[in-house]
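Here is the structure we will look at.
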Amino acid sequence: MLFAPTIPQTEADTNLEEYQAFKDLRFSVTNYVESGCALLFCPCMGWQSKTLLLGDQEVTLKKQNLCGTSVQRRPYAQLGSVDKHQSGMCCMTIGSDLAPVNEKGEGGISPEWGCGNEVIVNEIVKHLQERKEKRGSVAQIRKLELMHEKVVKLATQVPLLLDKLGIKYQPQVSPVPEGRKRFPRKTIDVTNWCEVAASMTFKELVLEEEEALLTINGCCGLQSVTTKREYAQLGHVEKKKACFCCSQATSDLGVLSPGLGCDVGKVTDIVGELRERMGERGDVGQIRKQEKLLRQFVELSKEMEMLNTQYKENYPPDQATMVRLFGGDLKLPEKTAVQMAEDEMAQVDSKTYDITDKCEALTTMLCTCGLAGWTTSTLELTSNEVNIYIKNNFDDSHTKMAYAQLGSVDYDKSCCCCYSVNMAKPGWGCDRAKVEELAEELQARKVKRGNIAQIRQLEVMEKAAVELDVRTGLYMDEQGLQYPPEQKTMDRLCPNAPARVIKAQQTQPHMQPAVRFEQKSYDITDYTALTCGLLFCPCAGPTFTKMVLEPEEMYITNTNFCMKSNSRTPYAQLGSVEKETACCCCIQLPEVATPGCGCSHDLVTQIEEELQERKVKRGNIAQLKMQENLLDEILRLSVKLDMCMEKHAVAYPPDQETMKRVFGEELPPAPTSVVAPTGGQLQAQQMAVQVPEGATPGTSLQVQAPGGQLVQVQVPDGVAPGQTMMVQVPSAPLPQVYGAQ
């Protein structure tokens, strides 16, 4: 077990600590050419206007003409790629999941005349990128890393305090700093030479620390399409084999088949790189980091419970004590952190299924005169991901997908006896038992290891942090420590503290109310589609559609005499759920529901409001808000524990002998918070370090500065083992600092 030194706090970390609300911005993004042509073609529709509204948490695109209105609203975390695309010499377009641009440059948002609009396009792209970075998946991962660093300090201090007070306890979870894995920037030429010959199209893939960027230049540079996606938004990364030798890497970035299509080694490397980065910076990485953080909170709860028991402090306290200590009757969770964590840290076993579609395999073999051979399909369910392997003589593909990216689990019955789940039809299509088992397994894993699990874990951590805050407050009250501390105490414990640290001490413990939505049902049968279906296939009978809004997911079923299909979609993955009007009276929720004859205004409005509220309170926006509350609690706890450490003269960081006695192992020094003195710059010096054998660019190393501090550095690009690199280290011993810095 190692205690890696905490990396000096950077400006980016400080920005993560300080919540900065974005101003509302409004842009007119009407394309005059497009609206003018539409007006000439159909004057009765009138002029179509487009408006882009940028709020603090969401972006909204509104289109309006005389006949109808459509609105798309998405959290910044669901924007996917936000990029500027160029076609011709001067035409600029903004592409994102709000308004996608295809490889031909079609679609997107192209304000004004389309040409000469570079200034407004650059401004919009800049604002969207900034908000996506601070409100999206990257911000969530970075906040988790920041919180973990701070909680590790707390988890080191509490056992030291117990040891000082003579309370025997052997920590079960060691406070080991996780450290941030830094991925080196890589540039890969993924040009397909067949595309070069056909259309002079060149492609380049750039793997940055947090995002993957694909640039496509066509028509000798006259057309440029750039797609940039966070690793959490890449979808499933798949390696496919076509014919005997052609290989492809597919993801939400697009299809990559470098060289002549036969460069299997490069395709394998690309897929491996993308999956590794997704595992660290995507949904899987996020849930792993949350679980580590939750384990630390559970351990802290056990330790503080021992401290309260030692001094006969009752938890939960009575109402009079709560009012006296916290200025109000804070409603505490009914369960303790230990009990809540048991429910939300359930692991799943690995399972493997043969899902070969024998009808499809037989058809493929017959159509290729036996050359393709028999196609086999295997589904592997691991702890965090689903793997699909498809293999025959022509194809050897592997799809890997995190459970958080499953979206909907779709169970279908057709032709009275054919069953499938998410397009998988095992056997001859009639294996109902296996399909139902697969659907249950996928649904259970999506709940336990996907978006729903992420938000539930954050709820538990938030409640656990409040419990720790109250337990620590009870102990401080018994010890006669005043809280909030006086200004001179704050100045002594937290010199140069960011404004948020000060503000956190002046507020009361806060817990986001747990939102538990009631189940609601709606009949959303589309009678126009029902009538057309009856005319086309009377024997199937009418098709009825029902929507059930469950606490965590939207559940839609379609049934008639011959088939039944259902789908479950977490609210976090709904995307846009705004109503759209057309032809003056027709109204619908695109891709969700068109109930009645298309004119059910009240019903559509009611469903829209319900879905929007659930999406906000059980999706990405809710996760960000809970992370903000959790960070406030951690900052408050940090100052409280520093006051307790000072009260009992407990040295931090401790000496090696104390570390060995408390944690039971020979350990390097405990993590130290490095704080820049007034002026913002650490006194530093250059030091030569020889790169050890086995170290590659991006590898983290520990070096000892002249003042005795352990400093974590990273091997830069272009430096090989045995070579010397220059690193910046503190030039003198750093002062002992308490607090949340």
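The values are calculated or read from the model by the stated rules, or taken from the named source; none is laboratory data. As the structure is a prediction and not an experimental result, all values here were calculated from the model. Cβ: placed from backbone, ideal geometry, glycine included. Neighbour counts: every protein chain shown. All accessible areas refer to the heavy atoms of the entire protein, side chains included, with ligands and DNA or RNA removed. Shrake-Rupley method; radii C 1.70, N 1.55, O 1.52, S 1.80 Å.
Below are the figures for this structure:
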| read-out | value |
| --- | --- |
| Largest-first principal axis extents of the Cα set of the range 56-188 (Å) | 76, 41, 23 |
| Phi to ³J(HN,Hα) by Karplus 6.51 cos²θ - 1.76 cosθ + 1.60 over the range 181-192, Hz, x for Gly, Pro | 7, 9, 8, x, 6, 10, 10, 10, 7, 10, 5, 9 |
| Whole-number percent relative contact order across the chain, with pairs defined as alpha carbons under 8 Å at least 6 apart | 13 |
| Under 5 Å, built H, 5+ apart or other chain: amide partners of residue 29 | 50, 51, 52 |
| Pairwise Cα inverse-distance average, inverted: Kirkwood Rh of the range 242-323 (Å) | 17.5 |
| Cα coordinate range in the range 153-228, projected on the principal axes (Å, largest first) | 78, 19, 14 |
| For residue 81, residues with placed amide H under 5 Å, excluding near neighbours | 97 |
| Antiparallel DSSP beta bridges within the chain, percent to nearest 5 | 95 |
| ³J(HN,Hα), Karplus 6.51/-1.76/1.60, whole Hz, each residue of the range 53-65, x for Gly, Pro | 10, 10, x, 6, 10, 9, 10, 10, 10, 10, 10, 8, 9 |
| Above-threshold pairs, the threshold being 26 Å between Cα atoms, out of 134/289; 289/647; 488/640; 331/546; 168/331; 23/181 | 289/647; 331/546; 168/331; 23/181 |
| Calculated [θ] (222 nm, deg cm²/dmol) that DSSP helices of n ≥ 4 give over the chain, each run adding -39,500 (n - 2.57) | -11500 deg cm²/dmol |
| Cα-based Rg of the chain normalised by 2.2 N^0.38 Å, two decimals | 1.07 |
| Karplus-derived 3J(HN,Hα), 6.51/-1.76/1.60, for each residue of the range 73-78, Hz, glycine and proline x | 10, 9, x, 4, 5, 9 |
| Ratio Rg/Rh, restricted to the range 371-446 and using Cα atoms, in which Rh is the Kirkwood radius | 0.99 |
| Mean projection area, nm², convex hull over Cα of the range 128-192 | 7.7 |
| Principal axis box of the range 193-241, alpha-carbon based, largest edge first, Å | 33, 27, 14 |
| log₁₀ of I(q)/I(0) at q = 0.29 Å⁻¹ - the range 586-637, Debye sum with one point per alpha carbon | -1.00 |
| Rounded D (µm²/s) - the range 426-479, Kirkwood Rh over Cα pairs, Stokes-Einstein at 25 °C, 0.890 mPa s | 168 |
| Electrostatic dipole magnitude of the chain [Cβ: Lys, Arg +1; Asp, Glu -1; Cα centre; debye, to 20] | 160 |
| Convex hull volume per residue for the range 182-328, taking Cα atoms only, in Å³ | 169 |
| Across 292/615; 425/564; 84/203; 150/660, pairs whose alpha-carbon gap is larger than 18 Å | 292/615; 150/660 |
| Heavy-atom accessible surface of the chain: percent carbon and sulfur, 1.4 Å | 54 |
| q = 0.11, 0.18, 0.22, 0.24 Å⁻¹: log10 I(q)/I(0) that the Debye formula gives for the range 538-652, counting C-alpha atoms only | -0.55, -0.98, -1.19, -1.28 |
| Accessible area of the chain divided out per residue, in Å², using a probe of 1.4 angstrom | 45 |
| Residue (of 77, 541, 219) at the positive-pole extreme of the chain, dipole from beta-carbon charges | 77 |
| Charge dipole (debye, nearest 20) of the range 78-217; +1 at Cβ of Lys and Arg, -1 at Cβ of Asp and Glu | 960 |
| Hull volume in cubic angstrom per residue (convex hull over the Cα atoms of the range 275-405) | 150 |
| Residue-level accessible surface for residue 416, protein heavy atoms, 1.4 Å, Å² | 80 |
| For residue 47, residues with placed amide H under 5 Å, excluding near neighbours | 66 |
| Highest average packing first - 148-161, 293-306, Cβ atoms within 10 Å | 148-161, 293-306 |
| Equivalent ellipsoid dimensions for the range 86-151 as semi-axes, Å, which come from the Cα gyration tensor, largest first | 34, 12, 8 |
| Alpha-carbon centroids, the range 384-456 and the range 114-131: separation in whole Å | 40 |
